[in-house]
């Protein structure tokens, strides 16, 4: 199933930019925590934004962290060889 990302999901460039910026604001607000805690909070808030604002299909949303983890694991292992 192909999915074309809509870069202007709210119909206004300003509102769409603010929706994307909300994740950065969340990250800055939780900057006082340990890095792993901030990453975990962002890991929980990013899918909510992807589902509600950008209307990402659920199957793609579930596959995204798995793909990212495998990509990071295997590229780091290949670099060390």
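Brief remarks on what is shown
- Selection status of residue 16, outside any loop (DSSP other than H, G, I, E, B) and either over 19 Å from residue 62 (Cα atoms) or at pLDDT below 85 (or both): yes
- So residue 74, is it in contact with a helix residue (DSSP H, G or I) (Cβ under 7 Å, 6 or more places away or on another chain), at pLDDT below 85 and exposed (fewer than 11 other Cβ atoms within 10 Å of the Cβ): no
- Within region 26-45, tally of residues that are modelled with pLDDT of 80 or more and outside any helix (DSSP H, G or I): 3
- Considered as a group, the residues in region 24-37 that are under 21 Å from residue 64 (Cα atoms) and touching a helix residue (DSSP H, G or I) at 6+ places or on another chain (Cβ under 6 Å) include one that is surrounded by the fewest Cβ atoms within 10 Å (Cβ to Cβ), and that residue is 27.
The values are calculated or read from the model by the stated rules, or taken from the named source; none is laboratory data. Since the model is a prediction, treat every value here as computed from it, not as a measurement. Counting neighbours? That spans all protein chains shown, and the Cβs are built from the backbone with ideal geometry, glycine included.
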